[in-house]
Amino acid sequence: MVSVKPLLFLCFSMVSLAAMADTARIDISIDTQRPGAVLNKNIYGQFMEHLGRGIYEGVWVGKDSPIPNKNGYRLDVLQALIDLKVPLLRWPGGCFADEYHWRDGIGPRNERPRTVNSNWGGVIEDNAFGTHEFFEFAELVGAQTYINGNLGTGSPKEMVEWLHYMTSDADTTVVRERKKNGRERPFKVDYFAVGNESWGCGGNMTPDYYADLYKQYTTFLKAPENNQPKFIASGGTDVQTNWTQTLAEKIKRSGNVRMDAISHHYYTLPTGDWETKGSATGYPEEQWFSTLQQTLRMETFITDNVAILDELDPEQEIGFYVDEWGTWYDVDKGTNPGFLYQQNTIRDAIVAGLNIHIFNRYAKRVQMTNIAQMVNVLQAMILTDKEKMLLTPTYYAFKMHIPFQDATYLPVNLSDTPLYQHGDDAIPALSVSAAKALNGDIYISLINTQVDNAVEVALPQVSQVKGKLLNSRDMDGHNTFDHPDNIHPTDYTATEVNGSTVISIPAKSLMVLNLGQL
Ligand code: AHR
């Protein structure tokens, strides 16, 4: 009988050699002597809007639900978010924020008004999830809070009273009302934004008009000394820098109102076309490539705006936040178009990692971002189907980066920058980010953007690495309710060989490695 084993081994070796031939080894050195900015943990913030099943079903099911819950918050999602160490939650929108009247969401739940969510599917909003529910949820998750105020259809009085209701301890009628509604102590508001996308769904304003309104509203927004939020102005679109210019000029120079940051939004669309954005699954390599290429535009968008701030705000008093980012695809077939429900694949995990690397590079100004959105909407961490829940590849990308929260940025040098060529275009095949974690350990995050080829790197300073690898055989590998564990991180360890640790980063993968204390 002839054994087939040697033949198989020979074939395997030839394949390995062929793959290796494509990959030159890249030396990576980490500059521990020139630490950069602290990576504010709120770079890893989340966004939850009254949109589709993002809050209702995704987070809030109510106390009487058959879905196991604590005070109405579904337990499976809550635990997953606690495990994720979510640092910050932004609420209630988005476009929804500029039509949200906070008084609709306080008091006995069965007496709250029923309104229409005109932005997202025209569905009935019963206001069961309001101010108290949001803060209780944030406290359970262990997250800081970001409230987005209503500039579009509200009034200065309404906004001022909401901030007072949430933060004050004075014996006023409004604070008595909060206490009557069950909350003795003030809530902690960490960030407060005046309006959302005021260039579009928030009122179609010009930057000049918005700047005047921002000054008017913030003049009256008052909170106790020990409970001061950072005040955020809503910035322009991804292709604009004129909002940053106008806001920095008009508001900073006026000197008597606070603007701690300007916040922008940038979404990744595979095609770059809002009419036909591209599919969340089953896409060709062309759209794998274009999605990553579009994502990398985030860097230019940040540098263009930061350059303006560097000129107009050399004292670095104004942060540049990205309080909405992530992939936006055509909605999954058969779902309500207004609910923005989409699957989430290994491609999304790579998009998340690339964005995180960019934010880390500009962490001096980019001190806060929020991926859109946390559950069941756009690039979600978690998807639910009634009582079922799954964790997406993006969830794992965030989880792997937990050691980067509040770590210190470390520059990296690459001996070469390999390219991923597709047609006439090319993007970097390898993206790297390193940081010193709070416990002193050095972490490195590595992404191979290519569909087919591995990238081999050497870490000459390092004797042992251990960490996690997230990858997929298929370009659109994802988790389903029937197979929720298709894509998950696996353990990775490597040790020194001939004075250098060599790591082969598989195609379509993200790695986060602990390098110990260098
Ligand atoms: O995240 C979905 C929507 O995208 C938000 O409501 C809005 O701010 C943006 O246009």
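Total residues in region 111-132 satisfying the condition of being within 16 Å of the ligand (Cβ to nearest atom) and in a helix (DSSP H, G or I): the figure is 0. Evaluate region 98-110: report whether one residue or more is within 16 Å of the ligand (Cβ to nearest atom), part of a loop (DSSP other than H, G, I, E, B), open to solvent by 50 Å² or more (accessible area, probe 1.4 Å) and within 21 Å of Ser263 (Cβ to Cβ). No. Among residues of region 58-97 being part of a strand (DSSP E or B) and of a type in the set (Phe, Trp, Tyr), the one that is farthest from the ligand (Cβ to nearest atom) is Tyr73.
Condition check for Ala233 on (1) surrounded by fewer than 17 Cβ atoms within 10 Å (Cβ to Cβ); (2) within 16 Å of the ligand (Cβ to nearest atom): one failure, at (1).
Restricting to region 238-273, name every residue that is under 24 Å from the mean Cα position of the chain (by Cα), closer than 14 Å to Thr303 by Cα and open to solvent by 60 Å² or more (accessible area, probe 1.4 Å). Val239 - this is the single residue of region 238-273 that is under 24 Å from the mean Cα position of the chain (by Cα), closer than 14 Å to Thr303 by Cα and open to solvent by 60 Å² or more (accessible area, probe 1.4 Å). Just the residues that are open to solvent by 10 Å² or more (accessible area, probe 1.4 Å), more than 16 Å from the ligand (Cβ to nearest atom) and either free of Cβ contacts under 8 Å to residues at least 60 places away in the same chain or not in a helix (DSSP H, G or I) (or both), please, taken from region 274-293. Those that are open to solvent by 10 Å² or more (accessible area, probe 1.4 Å), more than 16 Å from the ligand (Cβ to nearest atom) and either free of Cβ contacts under 8 Å to residues at least 60 places away in the same chain or not in a helix (DSSP H, G or I) (or both): Thr276, Ser279, Thr281, Gly282, Tyr283, Pro284, Gln287, Ser290.
Beta carbons closer than 8 Å, at least 6 apart along the sequence or on distinct chains, pair a first residue in region 95-118 that is touching a residue at least 60 places away in the same chain (Cβ under 8 Å) with a second that is hydroxyl-bearing (Ser, Thr, Tyr) and away from the ligand (no atom under 11 Å from the Cβ) for Asp98/Thr153; Trp102/Thr131; Trp102/Tyr165; Ile106/Thr131; Ile106/Tyr165.
Screening Thr153 against (1) closer than 24 Å to Asp260 by Cα; (2) in contact (Cβ under 8 Å) with a residue 60 or more places away in the chain leaves a single unmet condition, (2). When we screen Gly182, Gly202 for residues that are of a type in the set (Gly, Ala, Ser), under 25 Å from the mean Cα position of the chain (by Cα) and either in the same structural domain as Glu324 (by TED's automatic domain parsing) or within 16 Å of the ligand (Cβ to nearest atom) (or both), the only hit is Gly202.
Here region 163-179 is the region considered, the condition is being within 19 Å of Glu111 (Cβ to Cβ) and not hydroxyl-bearing (Ser, Thr, Tyr), and the residue that is nearest to the chain's Cα centre (by Cα) is Arg178.
Yes/no per residue for (1) open to solvent by 10 Å² or more (accessible area, probe 1.4 Å); (2) farther than 30 Å from Thr501 by Cβ; (3) modelled with pLDDT under 95:
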{"position": "Ile28", "(1), (2), (3)": "no, no, no"}
{"position": "Pro35", "(1), (2), (3)": "yes, no, no"}
{"position": "Lys41", "(1), (2), (3)": "yes, no, no"}
{"position": "Tyr44", "(1), (2), (3)": "no, no, no"}
{"position": "Phe47", "(1), (2), (3)": "no, yes, no"}
{"position": "Leu51", "(1), (2), (3)": "no, yes, no"}
{"position": "Tyr56", "(1), (2), (3)": "yes, yes, no"}
{"position": "Pro68", "(1), (2), (3)": "yes, yes, no"}
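Would a scan of region 340-354 turn up a residue that is of a type outside the set (A, V, I, L, M), open to solvent by 10 Å² or more (accessible area, probe 1.4 Å) and within 16 Å of the ligand (Cβ to nearest atom)? Yes, that holds for at least one residue. Just to be sure, is Phe135 outside any loop (DSSP other than H, G, I, E, B), touching a residue at least 12 places away in the same chain (Cβ under 8 Å) and open to solvent by less than 10 Å² (accessible area, probe 1.4 Å)? Here the answer is yes, as Phe135 does meet what is asked. Inside region 313-339, residues that are within 16 Å of the ligand (Cβ to nearest atom) and either of a type in the set (Val, Ile, Thr) or outside the structural domain of Ile262 (by TED's automatic domain parsing) (or both) make up a count of 4.
Among the residues of region 472-518, write down those that are of a type in the set (S, T, N, Q) and open to solvent by less than 50 Å² (accessible area, probe 1.4 Å). Within region 472-518, Ser472, Asn479, Thr480, Ser500, Thr501, Ser509, Asn514 meet the criteria. Looking only at region 150-195, residues that are closer than 19 Å to Glu133 by Cβ and in contact with a Leu (Cβ under 8 Å, 6 or more places away or on another chain) come to 5 in all. Quick one: count up the residues across region 413-427 that are buried (at least 18 other Cβ atoms within 10 Å of the Cβ) and either hydrophobic (A, V, I, L, M, F, W, C) or within 22 Å of Ile30 (Cβ to Cβ) (or both). Going through region 413-427 one residue at a time, the tally reaches 2. The C-beta contact set for region 412-425 (first residue of a type in the set (Gly, Ala, Ser), second residue outside any strand (DSSP E or B) and modelled with pLDDT of 95 or more, distance under 9 angstrom, 6+ apart or interchain) comprises Gly423/Glu286; Gly423/Phe289.
The values are calculated or read from the model by the stated rules, or taken from the named source; none is laboratory data. What you see is a predicted model; the values in this text were computed from it and never measured. Heads up, the Cβs are rebuilt from the backbone with ideal geometry, glycines too, and the neighbour counts pull from every protein chain shown. In case anyone asks, the SASA skips ligands and DNA or RNA and just uses the protein heavy atoms, side chains included. Shrake-Rupley method; radii C 1.70, N 1.55, O 1.52, S 1.80 Å.
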